[in-house]
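Since the structure comes first, as C-alpha cells, the remarks are kept for the end.
FYI, it's all coordinate maths here, none of it is from the lab. Nothing here was measured: the structure is a model prediction, and the numbers come from that model. Cβ: placed from backbone, ideal geometry, glycine included. Neighbour counts: every protein chain shown.
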Amino acid sequence: MRIVRRVVMIVGAILAFVGLFWLGQGMGIIRWPASSFMIDQYLWVVTGSVVAALGFLLVLIARRLPGR
C-alpha cells in the first residue's frame, strides 16, 4: 500500500502543479513561453482550475491512505 500511496501523491502533485501553471497562463500571470496560445484564454483558466483541484484532491486522498 505504501507504493500506491506514493504514486497517488506524486501524480496528484504533478497534476496540481500543471493545473496551477495552466491557470496562471490562462489568467495572463505566467507569460512563458511568450508565444503560447494559452495566454489570456478563459478556457485554460477553467481547465487549469479543474486539473489543479483534481491534483489537490489526489494529494489529500493519498495522505489518508494507510502508510503500511
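Results, tabulated for the structure shown:
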| read-out | value |
| --- | --- |
| The chain: angle of helix 2-27 to the longest principal axis, Cα-based, in degrees nearest 10 | 10 |
| DSSP-assigned coil residues among trypsin sites (Lys or Arg not before Pro) in the range 1-58, each with at most 13 further Cβ atoms within 10 Å | 31 |
| Proportion of all alpha-carbon pairs of the chain beyond 15 Å (%) | 53 |
| Two-site label geometry, residue 35 and residue 2: point separation in nm, points 7 Å out along Cα→Cβ | 4.8 |
